[in-house]
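Bear in mind these aren't lab numbers, they're just calculated from the coordinates by the rules spelled out. None of the values given here were measured: they were computed from a predicted structure. Heads up, the Cβs are rebuilt from the backbone with ideal geometry, glycines too, and the neighbour counts pull from every protein chain shown.
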């Protein structure tokens with residue numbers, strides 16, 4: 001789908017939303033959104049922001065929507081709601097390696113903490129322990145610091161602001177501009193998929209957005225302290241995925257997340 005947007009009084013651009021959003025554009029609410037006046041306003045804001053500052057991240061405008069191309073709609077299992085992208089980390093501690101296509105930059109201490117939490121909480125090979133009547137795991141895989149392997153398994157990193165202007169002091173205003181897009185994405189997932197786990201990493205974010213998720217069919221995990229080396233949400237997420245699949249006999253990446 002190609003949509004034209006006015007970016008100033010004399011210029012317009014054409015955006016191929018299938019190239020920007022992947023298969024998400026096939027969902028009715030998303031299709032209606034990109035054709036709306038709101039999306040024209042959002043694109044106008046994005047273009048004006050990039051044209052007025054050299055300190056906007058991600059550097060490539062197409063990568064603003066990279067998370068959707070990395071995690072196709074019907075493969076989504078888990079949605080981790082972050083805050084905003086950064087050239088190093090999101091402000092709540094989630095690394096942006098999944099969110100952007102540039103995996104060459106240096107990761108911060110918080111990515112190291114994330115790796116520590118994963119290796120401490122979870123291992124990658126699962127097997128059924130008949131004596132304990134529970135799933136056990138053994139780790140034999142190097143942690144993927146780009147988090148690309150997470151997106152390949154259905155984890156969507158959805159920031160409440162999809163750009164970060166480092167010179168912008170009005171961060172909350174930028175989040176408000178993106179809010180309709182984020183609401184539409186959450187509602188699309190809630191209405192058309194089942195058994196999705198939504199992880200909220202901020203209390204205000206949770207208060208603003210949880211109402212768009214139908215808890216009859218989905219799950220919410222709250223980790224308002226941020227995802228750091230002491231978090232245990234990885235085990236919690238996988239336990240929900242196991243409980244949600246009553247027919248599971250062998251744990252593979254089709255069932256749980258191989259962190």
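Quick check on packing: order 31-39, 235-243 by the mean number of other C-beta atoms within 10 Å, highest mean leading.
Details: 31-39: 15.4, 235-243: 17.1.
Per-residue Cβ counts within 10 Å, averaged per peptide and sorted highest first, yield 235-243, 31-39.
What FRET efficiency comes out for the pair residue 204/residue 183, r = Cβ-Cβ distance, R0 = 25 Å, nearest 0.05?
Here the calculated transfer efficiency is 0.95.
What is the distance, in nm, between label points placed 7 Å from the Cα along the Cα-to-Cβ direction at residue 176 and at residue 194?
4.0 nm
Order of 1-13, 68-80 by packing, highest average Cβ count within 10 Å first? Write out the running numbers ahead of the final one.
Details: 1-13: 11.8, 68-80: 20.0.
Result, highest mean first: 68-80, 1-13.
Work out, step by step, the length gained on full extension between residue 242 and residue 53: first 0.36 nm times the residue separation, then minus their alpha carbon distance; give nm to one decimal.
Once the chain is fully extended between residue 242 and residue 53, it gains 63.4 nm.
Could you order the peptides 216-225, 41-50 from most to least packed, using the average number of other C-beta atoms within 10 Å per residue? Could you put the intermediate results ahead of the total?
Working: 216-225: 14.0, 41-50: 16.7.
Answer by packing, highest mean first, reads 41-50, 216-225.
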